[in-house]
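Participant: Structure incoming, see below.
The values are calculated or read from the model by the stated rules, or taken from the named source; none is laboratory data. Please read these numbers as outputs of a predicted model, since none were measured by experiment. In this analysis, Cβ positions are derived from the backbone assuming ideal geometry, glycine residues included, and neighbour counts consider all displayed protein chains. Areas reflect the complete protein model, heavy atoms only, side chains present, ligands, DNA and RNA absent. Shrake-Rupley method; radii C 1.70, N 1.55, O 1.52, S 1.80 Å.
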Amino acid sequence: MKDCTFQPKIHNVFFLSVKLRKHISKDINDILFKIRVSNHLFSFNISADIISCVEFNHDGDLLATGDKGGRVVIFQRDPSSKTSNPRRGEYNVYSTFQSHEPEFDYLKSLEIEEKINKIRWLKRKNPAHFLLSTNDKTIKLWKVSERDRRAEGYNLRDESGQLVDTSAISTLRVPVLKPMELMIEASPRRIFANAHTYHINSISINSDQETYLSADDLRINLWHLEVTDQSFNIVDIKPTNMEELTEVITAAEFHPHDCNTFVYSSSKVFEEPEDPTNRSFFSEIISSISDVKFSNSGRYMISRDYLTVKVWDLHMETKPIETYPVHEYLRSKLCSLYENDCIFDKFECCWSGNDSAIMTGSYNNFFRMFDRTNKRDITLEASRETAKPRTLLKPRKVCTAGKRKKDEISVDCLDFNKKILHTAWHPHENIIAVAATNNLEN
């Protein structure tokens, strides 16, 4: 829009950025993994890691990230940032654990990547936290707990933990709990495997907090969190003859309040009648839904295709009630985007806590935010150069033709290796998380 004055009051933007540098050496995929959290910059040298998902827990105090190396990193909000004026969103590393390892399917001669595809938090019922994580084939339930005391004074073991001679025991002692340095422990409680033939792309926990669904390209299964060896197939779109396959499941999610309602998207759903004059070779590709999310109220949902975000009223199936163009300026670049495979990128989308705004990612490390109330939008950039702590981000604009203004960037100068695929919004505050990937080939 020409008169774009929508400037969301984001308390802090939490950037997860990854740089991939290829060298002519043994460490050809050596990655400098830098996470900027408010005033903190965490650096890790990790082999072949790219952030693949981000997810706030239900109160927003924890943020979990999964990466291509099968690792889960959990960040905890700094308590002082919640009482400061203005409130800030400062997060520190809370726990890190290896969720999945690479595997090999000997029957199908296929490698199973350790990459974390999705993370979903369960609502907290006790001092511990529980979350589900999944790679292409296996879903795991993790318990994350704190331990700040240890038992001492055992009768059958000495202080080093070694067994003692029972004949030398003359008195009995009552073990006591003594303070120790805080430890964060992550332990797998359930492993749900061998139920998906194809790659898992979605998991979603039901509002009853007892069941969850998992979706792959052609099927959706329903699980109980206490049962690991049995699931129920509730959607199956696999044709008898695979040569007749015309669509795949791309995303699935449970309704936030109705335990008997869920939604799934495919490469051929939610289609609007298209003007035949606008139809092209790329029409079906760019109309494929990459993500779908219910609103927090449960009344609406959003779907993200390649060029737009659409808002749907659950009471009206015929057409979306709102459509927001994300990067319409790329329509003229579809041919080159097809050649470099960027047209197949799967962008996520998310709601603000009060459903008044929508966020999704784009290229050049841009991300877009849409104000549903005032029908205004803004483009911001997630980069270490422009996003210093507590700095108000300047809106970015893309110039498609004509003379470029000072603060604009030409559509021909966009870096398609820099992309924001994964986004998350704090459930109650204006704090957002975006995973910005920067793949550089030197």
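Participant: How large a share of the accessible area of region 389-429, in percent, is made up of carbon and sulfur atoms when the probe is 1.4 Å and the other protein chains stay in place?
Facilitator: 49
Participant: What is the gain in length, in nm to one decimal, between Arg173 and Glu244 on full extension, counting 0.36 nm per residue of separation less the C-alpha to C-alpha distance?
Facilitator: Gain in length upon complete extension: 18.3 nm.
Participant: Quick check on packing: order 225-235, 345-355, 176-186, 244-254 by the mean number of other C-beta atoms within 10 Å, highest mean leading.
Facilitator: Per-residue Cβ counts within 10 Å, averaged per peptide and sorted highest first, yield 345-355, 244-254, 225-235, 176-186.
Participant: Taking only C-alpha pairs under 8 Å that are 6+ residues apart, what is the relative contact order of region 323-400 in percent?
Facilitator: 18
Participant: Accessible area of Asp258, 1.4 Å probe, to the nearest 10 Å²?
Facilitator: Ignoring ligands and nucleic acids, Asp258 comes out at about 70 Å².
Participant: Suppose each label sits 7 Å from its Cα in the direction of the beta carbon; what would the Asn417-Val164 distance come out to in nanometres?
Facilitator: Between Asn417 and Val164, the label points sit 6.3 nm apart.
Participant: Something else now. Taking the Cα-to-Cβ direction at Ser207 and at Lys143 and moving 7 Å from each Cα, how far apart do the two end points lie in nm?
Facilitator: 2.9
Participant: Once R0 is set to 56 Å, what does the formula 1/(1 + (r/R0)^6) return for the Cβ-Cβ distance between Glu101 and Lys403, expressed as a FRET efficiency to the nearest 0.05?
Facilitator: The computed FRET efficiency comes out at 0.55.
Participant: So with the 1.4 Å probe, I'd like the accessible area per residue for region 56-166, rounded to whole Å².
Facilitator: On a per-residue basis, region 56-166 sits at 52 Å².
Participant: How long is the gain from Thr373 to Asn233 if the chain were fully straight, where each residue apart is worth 0.36 nm and the alpha carbon distance is subtracted?
Facilitator: Answer, rounded to one decimal: 46.4 nm.
Participant: Which GluC sites (Glu not before Pro) in region 301-338 pass both tests, a DSSP loop state and at most 16 other beta-carbon atoms within 10 Å?
Facilitator: Glu317
Participant: Using a 7 Å offset from Cα along Cα-Cβ at Leu110, what residues in region 194-229 end up with backbone N under 16 Å from the label point?
Facilitator: Flagged as within label range: 194-202, 215-221.
Participant: Moving on. Residue by residue, what Karplus-based ³J(HN,Hα) values in Hz, rounded to whole numbers, does region 63-78 have, using 6.51, -1.76 and 1.60 with θ = phi - 60° and x for Gly and Pro?
Facilitator: Computed from phi, the couplings for region 63-78 are 10, 9, 10, x, 10, 5, x, x, 9, 10, 10, 10, 10, 10, 5, 5 Hz.
Participant: Cross-link list Lys346/Lys403; Lys82/Lys118; Lys293/Lys375; Lys293/Lys418; Lys115/Lys418: which exceed 22 angstrom alpha carbon to alpha carbon?
Facilitator: Pairs exceeding 22 Å: Lys346/Lys403; Lys82/Lys118; Lys293/Lys418.
Participant: Another one. Quick one: of the DSSP bridges fully inside region 284-441, what percent are antiparallel, nearest 5?
Facilitator: For region 284-441, the DSSP antiparallel bridge percentage is about 90.
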